[in-house]
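The values are calculated or read from the model by the stated rules, or taken from the named source; none is laboratory data. In this text the structure is predicted, and so the values were computed from the model without any measurement. With ideal geometry, Cβ positions are generated from the backbone for all residues, glycine too; neighbour counts draw on all protein chains shown. Side chains are part of the model used for accessible areas, which takes the heavy atoms of the whole protein and leaves out ligands, DNA and RNA. Shrake-Rupley method; radii C 1.70, N 1.55, O 1.52, S 1.80 Å.
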Amino acid sequence: MASFGDPVFPVQCDIRVRQGDLGRDDVVSAIGMARWLEDARIRVKMPQFERLVGAGEFGSHQIIFVSQSVERLAQVYRDDPDIQVCTGIRRIGRSSFTYEQAVFAGSERVGRGEATVLHLGPAGPLELPGELIADLTDLALPDSDAAAAPRPGAERRQRDYYAFFVRLPARIADVDTNQHVNYLALATWYDEAIAVFTAAELGESGLVPADLSPSSYRIDYLGEVTYPGDYEIGVRVSAFGEDSVDYELGLFRGHTCLGLADARGARGALSAKSFSGLR
């Protein structure tokens, strides 16, 4: 077991930087880092639960993402050596559990994230079986009874909460084996909405400065996003400082809210006037 600080993570995964992980500024993007976190979660072994499923003793079920977060704490480049994602379990609930992850470049912590997943059966949430709870307990981090982050308020699900909208069609390339738009593909939709807003405010011809992409996201998944379909993302600025902007975003099909996100990005040349109608 390796430790890069506090807490001690029980699982470590080496990562190779790929071209697709880089943003236009040649630095690993928050979306690229989110892909690393997914890669690491996929590699986590839960042997007792895997044996249970393999023996046909656990019924039909899906693993559904409830929320995820990613934050880039420092810039990571293509040729940075010794990239590693460390993973543990932060919370264990009745039907869900939460991963906590940290990204290291050598000994420097350069990113972090969480992901909460729900076990869902044909009739609704499934109680986690004892075998899975045992596996999760083996992966638990210190102080694993820490409270979950508060969920966004109900007002965030209303269209009139947002002043700026971006239309996005679902793409067949975004659909995964569950026959809905993949949760990581949805993260790129929020990236697109912020880019469109930024371009509109800067008066650029679709060319957004490379360093204005968000460095952090927290995303809550509220409903299924399917193909084909036309969707809109609402954008609202919740706060801004000299160097940063905090965004609130909502994903809609008609008047139905299917997802929410919070993002933080660099302010760059965006003026305070740009935000006056979005708060």
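Just one of (1) open to solvent by less than 50 Å² (accessible area, probe 1.4 Å); (2) in contact with a strand residue (DSSP E or B) (Cβ under 8 Å, 6 or more places away or on another chain); (3) at pLDDT below 95 fails for G111. It is (3).
Among the residues of the stretch 114-139, write down those that are closer than 15 Å to V44 by Cβ, open to solvent by less than 40 Å² (accessible area, probe 1.4 Å) and not hydroxyl-bearing (S, T, Y). Across the stretch 114-139, the qualifying residues are A115, V117, L132, A134, D135, L136, L139.
In a residue-by-residue description of the stretch 85-92, the property of being open to solvent by less than 30 Å² (accessible area, probe 1.4 Å) and either in a loop (DSSP other than H, G, I, E, B) or over 23 Å from M46 (Cα atoms) (or both) applies to no position.
Tell me, yes or no, whether the stretch 61-69 has at least one residue that is over 17 Å from E114 (Cα atoms), in a loop (DSSP other than H, G, I, E, B) and at pLDDT below 95. Checked the stretch 61-69: at least one residue is over 17 Å from E114 (Cα atoms), in a loop (DSSP other than H, G, I, E, B) and at pLDDT below 95. Of the residues making up the stretch 21-77, those that are under 24 Å from D135 (Cβ atoms), of a type in the set (S, T, Y) and open to solvent by 40 Å² or more (accessible area, probe 1.4 Å) number 1.
When G250, G223, G265 are screened for being modelled with pLDDT of 90 or more and either in a strand (DSSP E or B) or within 20 Å of E71 (Cβ to Cβ) (or both), only G250 passes.
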